[in-house]
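So the structure is just underneath, and the comments pick up after that.
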Amino acid sequence: MPMTAIQSNRKPRGREPEALLEDIRKIYTMGSTEVHALAGVSVVFEHGSFWAILGTSGSGKSTLLNVLGCLDRPTSGRYLLQGRDISSLDDDALSEIRLRNIGFIFQSFNLIQQSTVEENIQLPLYYQGVDAESSSRRARKLAALVGLEDRLHHRPMELSGGQQQRVAIARSLANDPGLLLADEPTGNLDSKTSAEIMRLLCDLNEQGKTIIMVTHEPDIAAFAHKRLYMKDGAIERLEG
Amino acid sequence: MLLAKNMREIKLGIKSLMQHKLRSSLTMLGMVFGVGSVIAMLAVGEGASKQALEEIRKLGSNNIIITAQKPMDEQGQQKTRILMSIYGLLYEDVERIAQSFAHVLRVVPVKIIRKQGRLTERAMDMRILGTTPDWFKLVQRPLIAGRTLAPYDLENFSNVVVLTEYGARRLLATRSTLGQTIRLGSDYFEIIGIIQNESSQGGALQSPDQQIDAYIPINVAKANFGDVFTQSSAGSRTRELVELHQIIAEVDQTTNVESTAAGIEAMLERFHKKKDYVLSVPLALLRQAEATKRTFNIVLGSIAGISLLVGGIGIMNIMLASVTERTREIGIRRAIGAKRSQIVRQFLIETVVLSTTGGLIGIAIGLFIPWMITTVAKMPTVVTPSSLILSLGISMAIGIIFGIYPAVRAAALDPIIALRHE
């Protein structure tokens with residue numbers, strides 16, 4: 001697959017970890033019973049690493065990813081993202097972090113169906129307030145990076161699953177994030193397309209993106225350099 | 001710079017609306033019909049009442065009109081072959097009214113005679129009104145050609161006549177007929193002027209327009225035609241002695257009209273044994289018409305309000321449905337980093353664009369329908385600016401409130417919950 005490196009305008013950081021979790025707990029109250037979705041997770045995700053989070057459903061792996069992605073707030077614990085404590089930020093500030101520092105890739109792609117490929121890729125830039133011309137330029141560049149330069153004006157429905165996931169990846173790169181989070185990125189794809197998507201993620205990792213990916217398939221997890229096994233809301237073991 | 005940013009947001013909003021054509025047009029439809037029907041209904045109501053008010057105003061709101069009327073018992077006695085019925089207003093009444101009431105500025109007597117008129121070979125049944133020059137001051141009818149009666153016409157007992165436009169046309173008289181001689185009864189009169197007839201069609205309080213009126217000096221009328229009228233109908237002849245058929249009194253101020261009218265009524269009651277006159281006060285009619293107009297407007301306004309409400313509920317329905325449908329989209333946008341305020345703003349712009357467009361189309365329809373009614377049904381309609389503002393304001397408010405409320409709700413959801421929404 002042709003790959004054009006996207007110039008990163010981010011200043012190289014020191015040795016501080018990409019993400020650091022300290023005794024993160026997430027407790028849901030369902031009626032009278034408390035559910036510990038995360039029961040004290042402490043882990044360090046180094047800058048430039050490629051992690052796979054594994055576990056059965058209900059093990060808390062998705063909750064962990066949501067906390068990492070600032071989509072969900074932990075009940076307690078400390079979360080340092082790129083050295084900044086974000087445990088106590090409000091909704092707007094968390095939105096800002098999602099907008100500037102994090103790229104998200106979902107199992108179900110989560111593209112806006114009515115919008116074209118180009119518009120979907122531009123979405124984060126629109127909310128950042130980037131002007132139309134330069135965001136369109138960047139969208140075209142990112143579409144080329146994922147091999148969809150000839151599909152810019154198609155709608156998601158007109159694309160295959162693999163192509164849709166590439167649009168989602170291009171979108172996640174639009175804000176040039178340090179951290180890419182992927183929630184079962186190949187869950188809806190066949191094995192051949194899955195392998196292509198994983199190679200794309202590996203390439204991105206080689207270009208310096210920290211990637212944390214949730215999966216339950218061992219052969220997909222094998223693409224990652226490190227593996228984190230979850231069980232009952234806690235870390236069972238780390239590998240690699 | 002700020003405008004450029006807003007322009008981009010508005011463009012994006014329009015794009016988003018275009019991506020949901022059915023939903024957008026359905027929402028707009030509610031607005032269009034709500035606004036359109038309100039404007040049209042109020043225009044029809046306003047037009048109808050304005051017409052009635054104008055009719056009355058033409059009679060002069062400072063005037064008191066006393067008209068001779070054959071008394072009821074006399075009409076019954078007619079069958080017992082009374083040869084002559086004597087009733088009506090008297091020349092003395094004019095003097096009495098003029099002298100007894102301080103607030104009365106002018107009193108104009110009117111004597112009505114029906115005779116055949118003849119201009120060259122054309123003959124017509126005409127209504128001849130003997131009156132004074134002041135009549136033309138009280139009853140405002142524009143002069144089309146020539147002049148109206150003048151004081152010296154009375155002094156000189158001149159055989160002069162003023163025709164209405166309608167009558168002039170019927171008699172084949174045009175501008176060039178000024179100065180021509182018309183025969184009324186057995187006498188010859190010089191045509192000195194043509195005035196406009198009452199312009200209104202239908203619904204007039206007095207409709208003399210279908211008559212061919214001729215205005216002559218009252219003293220000439222009295223001298224030439226006398227006070228006794230003979231009418232032949234169905235083989236029997238009736239004779240009537242009526243001095244004056246109408247007296248119009250002009251009062252100095254509107255506030256004095258009603259008290260003066262009561263005074264005149266009391267005075268006439270004293271001097272007339274029979275009730276052979278009717279007093280009508282255009283001002284009272286005007287007040288009545290205004291009250292009717294108010295009622296009318298309230299009724300129409302309520303109907304219009306209900307249609308606006310129905311339109312509003314339609315808007316609300318579709319907006320609610322659309323946001324439920326768009327909750328996932330909102331989740332995606334939030335996950336990517338859109339702030340709550342940005343989501344709400346985006347929806348606000350969409351609904352404002354939608355409401356404005358719908359409202360403007362509604363105004364276009366609201367202007368078109370009254371125009372159609374006026375053109376096709378010949379009914380007067382008046383579109384008031386306030387009805388435009390009112391209907392547009394209300395439906396835009398409904399559109400925006402119901403457009404924003406669900407968006408606020410959806411934006412308040414946690415992004416992950418919104419994302420899970422199918």
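Let's see how each residue does on (1) over 28 Å from the mean Cα position of the chain (by Cα); (2) under 20 Å from residue B:52 (Cβ atoms); (3) surrounded by 15 or more Cβ atoms within 10 Å (Cβ to Cβ); (4) modelled with pLDDT of 85 or more:
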residue: B:286; (1), (2), (3), (4): no, yes, yes, no
residue: B:290; (1), (2), (3), (4): no, yes, no, no
residue: B:308; (1), (2), (3), (4): no, no, yes, no
residue: B:314; (1), (2), (3), (4): yes, no, yes, no
* Count - residues of the range A:104-137 that are facing another protein chain (nearest Cβ under 8 Å) and within 15 Å of the chain's Cα centre (by Cα) -> 5
* Structure fact -> Restricting attention to the range B:305-331, the residues that are polar (S, T, N, Q) and within 14 Å of another protein chain (Cβ to nearest Cβ) number exactly 2
* In this structure, does residue A:172 turn out to be surrounded by fewer than 19 Cβ atoms within 10 Å (Cβ to Cβ), under 24 Å from residue A:200 (Cα atoms) and within 13 Å of chain B (Cβ to nearest Cβ)? -> no
* Structure fact -> For residue B:379, the lone unmet condition from (1) assigned to a helix (DSSP H, G or I); (2) surrounded by fewer than 17 Cβ atoms within 10 Å (Cβ to Cβ) is (1)
* To do: Please verify whether the range B:281-290 includes one or more residues that are within 14 Å of another protein chain (Cβ to nearest Cβ) and in contact with a strand residue (DSSP E or B) (Cβ under 9 Å, 6 or more places away or on another chain).
  => no
* Restricting to strands (runs of 3 or more DSSP E) lying wholly in the range B:90-180: which have 1 or more residues that are on the phi > 0 side of the Ramachandran plot, out of contact with any Pro (no Cβ under 8 Å at 6 or more places or on another chain) and buried (at least 17 other Cβ atoms within 10 Å of the Cβ)? -> B:143-146
* Asked: Does the range A:98-105 contain at least one residue that is closer than 15 Å to residue B:414 by Cβ, free of Cβ contacts under 8 Å to residues at least 60 places away in the same chain and in contact with a Cys (Cβ under 8 Å, 6 or more places away or on another chain)?
  -> yes
* To do: Only residues that are closer than 23 Å to residue B:417 by Cα and either within 14 Å of chain B (Cβ to nearest Cβ) or among the hydroxyl-bearing types (Ser, Thr, Tyr) (or both): list them for the range A:39-59, please.
  => A:56, A:57, A:59
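The values are calculated or read from the model by the stated rules, or taken from the named source; none is laboratory data. Predicted model, so just to flag it, every value in this text is computed and none were measured. Note: ideal-geometry Cβ built from the backbone for every residue, glycine included; neighbour counts use all protein chains shown.
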